[in-house]
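What follows is one structure encoded as structure tokens, with my remarks underneath.
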Amino acid sequence: MRRRQFIVYIAGTAAWPLAARAQQSSNRMPVVGVLWHAGSAEEEEVYLSVLVKAFKDLGYAEGKNIHLDHRFPAENPERFRVLARELVDTKPDVIVAVTWLGAAELKKATETIPTVFVLVSDPVGFGFVQSLAHPGGNMTGLSLMSIDLSGKRLELLKEAVPRLSRAAVLTDVTDPFRDRIVKAYQRSGERLGISLWPVLISKPDDIEPLFAKIAEDHADGVMRGTGSIIFSERARIGAAALAHGLPMMTYIAEEIPYGPLLSYGQDYFDYFRRAAAYVDKILKGAKPADLPVEQPTKLKLVLNRKSAKALGLTFPETLIVSADEVIE
């Protein structure tokens, strides 16, 4: 689907007329609310298009047997709260919460509407479910392995950058998971002889001065921590890392074209496809309480050879052979 056509399509679905909603209610057309994190369909296109196609592949056609009601909070905590309440008030059949903040606000807003979370670390710790195997409430979905993979990511960056002895961990100041991921990297760093320290980002204008400071502190690399602002500002962050000669490890493959050296982590496209499958099961009668939370079924290693060249690095053959994708 062309970009302009896609945006027009999504804008049309988001502004579904009230009369049409009343009609779909009488026809029992299922409504699925989706609470994203960025400010528009265009900003979310990389994943929104995957989710829309996943529903299509499952046999759902917009306006015929499903309506997707998209909401975009622009990473604003108050907007998350307001839009979560709005979605609950429309009484959809299912709600998809893309991030932990959306899931947290929906947890407060409803205990009855089935909710599927997509990109959430430690859903048990956040209180979204009782356990991964037995969610026990109105929420279920997919769990990220941010902490479990921290050591492996650090090892991979060390393999790509043999001189690595000091690295910064870039995290979003608003993300409640930031301290845990930093400590996980520090524990792994002790084993590998690498010193790591946190660097907090709160707004886009922080990016350039933060990377300048990281370089001044003689870091040999940067580990991507948690936080949605890092993804939203991926172009500026990737450019800043390269400009300051800093090899960067991320865990989101879709950030790689913007400058990070390598990525290792969950296949996010697969996560959105699996989220659609959860919704399908719920619409067919399954209860979230009985649907176990799923963890990654596959992990992706993506290398950026263009960034390696700009940084004066050469990937060892062992990394190239094990990579799922190499960007030239």
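Things to note:
- Residues being open to solvent by 50 Å² or more (accessible area, probe 1.4 Å), closer than 14 Å to residue 229 by Cβ and β-branched (Val, Ile, Thr) - total across region 68-104: 0
- Selection from region 311-328 of residues that are in contact with a strand residue (DSSP E or B) (Cβ under 9 Å, 6 or more places away or on another chain) and either assigned to a helix (DSSP H, G or I) or closer than 30 Å to residue 134 by Cβ (or both): 319, 320, 322
- Put simply, of 104, 97, 133 the only residue that is over 15 Å from residue 34 (Cβ atoms), outside any helix (DSSP H, G or I) and of a type outside the set (Phe, Trp, Tyr) is 133.
- Top-ranked residue of region 293-311 - restricted to ones that are touching a residue at least 12 places away in the same chain (Cβ under 8 Å) and farther than 17 Å from residue 265 by Cα, ranked as surrounded by the fewest Cβ atoms within 10 Å (Cβ to Cβ): 310
- Qualifying residue in region 266-275 (condition: farther than 23 Å from residue 48 by Cα and either open to solvent by 60 Å² or more (accessible area, probe 1.4 Å) or in contact with a helix residue (DSSP H, G or I) (Cβ under 6 Å, 6 or more places away or on another chain) (or both)): no
- Of the criteria (1) assigned to a helix (DSSP H, G or I); (2) under 19 Å from residue 287 (Cα atoms), which one residue 91 fails: (1)
- The single condition among (1) surrounded by 24 or more Cβ atoms within 10 Å (Cβ to Cβ); (2) more than 30 Å from residue 65 (Cβ to Cβ) that residue 139 does not meet is (2).
- Residue match in region 249-257 (condition: buried (at least 17 other Cβ atoms within 10 Å of the Cβ), among the hydrophobic types (A, V, I, L, M, F, W, C), without any contact (Cβ under 8 Å) to a residue 40 or more places away in the chain and within 20 Å of residue 46 (Cβ to Cβ)): yes
- Matching residues in region 153-178 - criterion: being under 19 Å from the mean Cα position of the chain (by Cα) and not β-branched (Val, Ile, Thr): 153, 170, 172, 175, 176, 177, 178
- Any hit, region 303-317, residues being of a type in the set (Ser, Thr, Tyr) and touching a Lys or Arg at 6+ places or on another chain (Cβ under 6 Å): no
- Taking the criterion of being part of a helix (DSSP H, G or I) and under 17 Å from residue 227 (Cβ atoms), the residues of region 151-199 that qualify are 153, 178, 179, 180, 181, 182, 183, 184, 185.
Yes or no, residue by residue, for (1) of a type in the set (Val, Ile, Thr); (2) crowded, with 16+ Cβ neighbours inside 10 Å; (3) out of contact with any strand residue (DSSP E or B) (no Cβ under 7 Å at 6 or more places or on another chain); (4) closer than 30 Å to residue 93 by Cα:
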residue: 113; (1), (2), (3), (4): yes, yes, no, yes
residue: 121; (1), (2), (3), (4): no, yes, no, yes
residue: 147; (1), (2), (3), (4): yes, yes, yes, no
residue: 151; (1), (2), (3), (4): no, yes, yes, no
residue: 168; (1), (2), (3), (4): no, yes, no, no
residue: 173; (1), (2), (3), (4): yes, no, no, no
residue: 197; (1), (2), (3), (4): no, no, no, no
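- In this entry, residue 288 passes the filter for residues that are more than 17 Å from the chain's Cα centre (by Cα) and either open to solvent by less than 20 Å² (accessible area, probe 1.4 Å) or farther than 15 Å from residue 115 by Cβ (or both).
- Residue among 22, 38 that is among the aliphatic types (A, V, I, L, M), at pLDDT below 95 and assigned to a loop (DSSP other than H, G, I, E, B): 38
- Test: residue 192 is over 20 Å from the mean Cα position of the chain (by Cα) and surrounded by 20 or more Cβ atoms within 10 Å (Cβ to Cβ): no
- Close contacts from region 66-78, counting a first residue that is under 24 Å from residue 54 (Cα atoms) and a second that is open to solvent by 10 Å² or more (accessible area, probe 1.4 Å) and part of a strand (DSSP E or B), with Cβ to Cβ under 7 Å and a gap of 6+ residues or different chains, come to 67/31; 68/62; 69/31.
- The set of residues from region 64-78 being touching a Gly at 6+ places or on another chain (Cβ under 9 Å) and not aliphatic (A, V, I, L, M) comprises 65, 69, 70, 71, 72, 73, 75, 76.
- Residue 47 meets each of the listed conditions (1) modelled with pLDDT under 95; (2) in contact with a helix residue (DSSP H, G or I) (Cβ under 8 Å, 6 or more places away or on another chain); (3) among the aromatic types (Phe, Trp, Tyr) apart from (1).
The values are calculated or read from the model by the stated rules, or taken from the named source; none is laboratory data. Bear in mind that the values here come from a model prediction, so they are computed numbers and not experimental data. Because the Cβ atoms are built from the backbone with ideal geometry, glycine has one as well, and the counts that use them run over all protein chains shown. Only protein heavy atoms, including side chains, enter the accessible area calculation; ligands, DNA and RNA are left aside. Shrake-Rupley method; radii C 1.70, N 1.55, O 1.52, S 1.80 Å.
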